[in-house]
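Participant: Here's a structure for you.
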Amino acid sequence: MAIERIFGTVRIADFDTLELTNLNRIRRGVDALGQPKTTMVAREIAEIDPFLKVEVYDEGINEDNIDRFLTEGGQLDALIEECDGLDIKVLARLKARDYGIPVIMDTSDRGLLDIERFDLEPERPIFHGLVPESKLKNLKGLTTEEKIPYILDMV
């Protein structure tokens, strides 16, 4: 996106640091291990084009900052979602729908791409209605095994 200069401002959020297990999909050397992922992305964007504005949320997205992330300084044109946490995936969609922001979800697994056009369809059920919203209320704290049925329904 930075090379094509398709944005003036980008907001990035991730609470995580680079770990050895990430190197199969993130182009960095072992010297970057332990660095915040957001810092690495912001630096890479600055090296491509120092005039692009990058807003960093090192704490990731959570219930306390999601509204600010989506709207502060101007509402997002689109939300590109790649969260690992199922509860945050749901929260991001519910809030994006409230604000009429389209969601693009990309997964590293099998190249799955999903688009939810809440800007054009404000009543669209999240995850295209594949999982009833009533089932998605209490996902925080579930084990990986407990999340599997929900994830299988979504894909």
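The values are calculated or read from the model by the stated rules, or taken from the named source; none is laboratory data. On a predicted model such as this, the values are computed, not experimentally measured, just so you know. Counting neighbours? That spans all protein chains shown, and the Cβs are built from the backbone with ideal geometry, glycine included.
Participant: Return a yes/no flag: does region 100-109 have any residue that is of a type in the set (Ser, Thr, Tyr), assigned by TED's automatic domain parsing to the domain that holds residue 131 and under 21 Å from residue 136 (Cα atoms).
Facilitator: Yes, that holds for at least one residue.
Participant: In this structure, does residue 114 turn out to be in a loop (DSSP other than H, G, I, E, B), surrounded by 10 or more Cβ atoms within 10 Å (Cβ to Cβ) and free of Cβ contacts under 8 Å to residues at least 24 places away in the same chain? Steps first, answer last, please.
Facilitator: Details: in a loop (DSSP other than H, G, I, E, B): no; surrounded by 10 or more Cβ atoms within 10 Å (Cβ to Cβ): yes; free of Cβ contacts under 8 Å to residues at least 24 places away in the same chain: yes.
Spelling it out, it is not the case that residue 114 is in a loop (DSSP other than H, G, I, E, B), surrounded by 10 or more Cβ atoms within 10 Å (Cβ to Cβ) and free of Cβ contacts under 8 Å to residues at least 24 places away in the same chain.
Participant: Out of (1) out of contact with any Ser or Thr (no Cβ under 6 Å at 6 or more places or on another chain); (2) in contact (Cβ under 8 Å) with a residue 40 or more places away in the chain, what's the single condition that is false for residue 56?
Facilitator: Result: residue 56 fails condition (1) only.
Participant: What residue, of 43, 68, 28, is among the basic types (Lys, Arg), modelled with pLDDT of 95 or more and over 25 Å from residue 151 (Cβ atoms)? Break it down stepwise before answering.
Facilitator: Working: 43 fails: modelled with pLDDT of 95 or more; 28 fails: modelled with pLDDT of 95 or more.
Answer to the check: 68.
Participant: Follow-up. Could you check region 115-152 and list, in sequence order, the residues that are charged (D, E, K, R) and touching a Phe, Trp or Tyr at 6+ places or on another chain (Cβ under 8 Å)?
Facilitator: Within region 115-152, 116, 124, 135 meet the criteria.
Participant: If a residue has to be closer than 19 Å to residue 120 by Cα, of a type outside the set (Gly, Ala, Ser) and out of contact with any Leu (no Cβ under 6 Å at 6 or more places or on another chain) to count, how many in region 62-78 make the cut?
Facilitator: 3
Participant: Next question. Give region 114-128 a look and list any residue that's in contact with a strand residue (DSSP E or B) (Cβ under 9 Å, 6 or more places away or on another chain) and either within 10 Å of residue 101 (Cα to Cα) or small (Gly, Ala, Ser) (or both), or say none.
Facilitator: Across region 114-128, the qualifying residues are 116, 117, 118.
Participant: Taking residue 66 and the conditions (1) of a type in the set (A, V, I, L, M); (2) under 28 Å from residue 25 (Cβ atoms); (3) surrounded by fewer than 15 Cβ atoms within 10 Å (Cβ to Cβ), which numbered condition does it fall short on, given that it satisfies the others?
Facilitator: Failing condition for residue 66: (3).
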